[in-house]
Amino acid sequence: MLGKKALNALDLVAIASELNPVVGGGRVIRVYRLGDSHYFKVRTSTDIVYLVANPRRFSQTWRIPQGLSPSPLRRLVEGCVVNGIEANLDRVISMVMNCGKLTFELIPPFNIIFTVNNIVKWVLHEYRGKDREVKVGLTYIEPPRRFLDPRFFDNLLKVAEESGLSVESLSRGLGLGVDWAREVCSRSGCSDLASTWFSIRGILEALHLGRLKPTIYLNTPYVSPLPLVSINGEFREVASFNKAVDEYFSAIEVEKAAEDKVKDYEEEAARLESSVRELEESIGKYMTEASEFRRRGELIMSRLYELNELHGELLNLYAKSKDTFKSNVKGMVHGDIKVIDYDPLRKAIKVMVNDTEVELNLGEKPSETATRYFNEAKRLEKKAKAAEDKLNELRSRIDELRSRAREESEEAKANVRFIASREWFERFRWFITSGGLPVLAGKDANQNETLVKRYMNPWDVFLHADIQGGPVTIIKVSKGQEVKQADLAEASQYAAAYSKAWKLGANSIDVYYAKGEQVSKRAPSGEYVSKGGFMVYGQRGWVRGVELVIGVGIRIDNEAVRLVSAPPGAINSLANYYIILKPGNVERSKVASDIKELLMGKHPAARQIPVEHIMEHVPGPSTIISVGVGNPVDWGRVKEVFNRIAG
């Protein structure tokens, strides 16, 4: 069995059974396109989910490449609510929404069709075949099904009566595809109807009901929603089929993206290599001819006295009788030098000297002939040198192209961002103090409201910079737990850093704090508390002159690369690599780009982080103070700290 190139019909049934409880009720908030893939960003009640559709698969994905661009489909489906995912036992799967229906045809040619009341409103590729036409404005007709529904025993009976029980008959007659038909026969032997039907029904029930055991086979690259009897070798079980599919096909898609990205470089390098081969042949030819001319010139000079004598005799004979000159001189011998032939048109005389044929000329002295040979050797050597220079230039260009191709390939692979499941506290700004206390802060007025109303207990510590415009910051503690001064100082730095004071260029600001029970939306009579604002009743505590400084970094948890921010005293235990900032005069976008470059210099995984995400952690115009290497606590420990006091 060859590696799986695309999901088959039964795979899509398993995909649908897993996706329905995940995305049902979710809202499509973005639609992107890159290459032959469409990405759908869906906000559910608990998380952000990404779906990918391309000729190989339709599934949830946790790996998002950079370079996505908005799809024209977005104007039709963004904001729509997903009602469910439907698979029809063919390589067609649909996302049913309250605004219409998206159908993904994985049958070549791959297509995406958006319909409202079964009328095509948008199509990726208009298509016209002998059975149907897919075009905007027409009624949508699904691809014709050329097999019987495998869910009914009568259809198996028909196939058996017409074609017998075999991998081929089950594949074609029931639309199982070769892989699943082979699996049915491996389980049942395809020896009788009862056992074959039992095998088919067992597989279909498991897929429809979501009783899956997703498996990735390693020796024979393959992914399956169920363990297969038909494949031997090492395998690995995965938590969900969508995750298995994403892991399996992402590797293929990243490799394809890398190949596509370096294709032009490789083609140009191949053309240049052809030129290199031609130059190498030319250089060899030039050097061989030059060597021969030089050898003949040197031979003439070594026998110049005898050749001058012979040349004189030949001139005398030519003067006496031009008509009979050729016959008179052919075979003539002067010492051990013999005349071989004469060309009257060129007045060229071929002589044999030291077993080597040399051409003299009646119109020039032998020394002049030798000089001509030497000059011709130099000319050819000069051409060889020029060709050698060109050859080196081409080789250098090829090396440069290969290097660029490797860099582009590595960049394409590194540019895929793993989207980890987001924990509840990651909606907000967060960090853990050096004393181990979880801290939450709002990103905007809405989050400030949410933190106070839903996540702050009466015994928690509420902090805010002494300026209008800043995050609600909360130290989460257990009832009766004391907060150490160091923890309070770090939380104060966090509240100060993300306040308006940073944008104003201040170096420090006072921060006040109070118990959660002192904070209220209730305003004094005649006053109004705006959204995101609160009243603090009773005595406040103060941390004076809090320095504005923040650390921004990345933590690497297996495939997941997360951006984190924290005060300098806490960032070391949360990030693998980090940058310390203070207020400055460099714009946020430039600072974010610089941070990415610095982090990429520490670890290539930083390439995955979009600059705009880094900007969210930069409070305002800044100056980079330093770069650091941390020793972060395990992500499981981070979750444990927050979940322990989630109430």
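The values are calculated or read from the model by the stated rules, or taken from the named source; none is laboratory data. On a predicted model such as this, the values are computed, not experimentally measured, just so you know. Here the Cβ is made from the backbone with ideal geometry for all residues, glycine too, and neighbour counts use every protein chain on show. Only protein heavy atoms, including side chains, enter the accessible area calculation; ligands, DNA and RNA are left aside. Shrake-Rupley method; radii C 1.70, N 1.55, O 1.52, S 1.80 Å.
The 3J(HN,Hα) values that the Karplus relation (6.51, -1.76, 1.60; θ = phi - 60°) gives for the stretch 516-522 are, in residue order, x, 5, 8, 9, 8, 8, 6 Hz. Gly and Pro appear as x. Mean residue ellipticity at 222 nm, helices only, the chain: -13000 deg cm²/dmol; runs of at least 4 DSSP H residues each add -39,500 (n - 2.57), and the sum is divided by the number of residues. Karplus-based coupling profile of the stretch 176-182, in residue order and whole Hz: 6, x, 4, 5, 6, 5, 5, with θ = phi - 60° in 6.51 cos²θ - 1.76 cosθ + 1.60 and x standing for Gly or Pro.
What the pair-distance distribution of the stretch 523-647 shows, using all Cα-Cα distances binned every 5 Å from zero, is 2, 10, 17, 17, 15, 12, 11, 8, 4, 2, 1, 0 percent.
Size descriptors for the stretch 304-344, from the alpha-carbon set: Rg then Dmax equal 9.9, 28 Å. 3J(HN,Hα) along the stretch 109-114, derived from phi through the Karplus expression 6.51 cos²θ - 1.76 cosθ + 1.60 where θ = phi - 60°, amounts to x, 3, 8, 10, 10, 9 Hz, with x in place of Gly and Pro. Taking every pair of alpha-carbon atoms in the chain, give the share separated by more than 38 Å as a whole percent. Cα-Cα pairs in the chain separated by more than 38 Å: 59 percent. Among GLU376, GLU587, the order of accessible area from largest down is GLU587, GLU376, computed with a 1.4 Å probe on protein heavy atoms. Amide H contacts for VAL586 (H built 1.01 Å from N in the peptide plane; partners 5 or more residues away or on another chain; cut-off under 5 Å): SER622. Our summary gives the stretch 317-435 a relative contact order of 9 percent, counting only alpha carbon pairs under 8 angstrom and 6 or more residues apart.
Solvent exposure of LYS639, expressed as accessible area, is near 60 Å², computed with a probe of 1.4 Å over the protein chains only.
What does the convex hull of the Cα atoms of the stretch 259-358 come to per residue, in Å³, rounded to a whole number?
So the per-residue Cα hull volume is 132 Å³.
Multiplying each eigenvalue of the alpha-carbon gyration tensor of the stretch 1-74 by 5 and taking the square root yields semi-axes of 21, 18, 9 Å, largest first, rounded to whole angstroms.
Built from the Cα atoms of the stretch 119-235, the convex hull projects on average onto 9.7 nm², one quarter of its surface area.
When the solvent-accessible area of the chain is split by element, carbon and sulfur atoms take up 48 percent of it, the probe being 1.4 Å. Probing with 1.4 Å while keeping every protein chain in the model, the per residue accessible area of the chain equals 49 Å². For the chain, the residue among LEU314, THR61, VAL31 whose Cα projects farthest onto the positive side of the dipole built from Cβ charges is VAL31. Ligands, DNA and RNA aside, HIS208 has an accessible area near 90 Å² when probed at 1.4 Å.
In the assembled protein chains, VAL472 presents an accessible area of approximately 0 Å² (probe radius 1.4 Å). Direction-averaged projected area, Cα convex hull, the stretch 1-151: 9.9 nm², rounded to one decimal.
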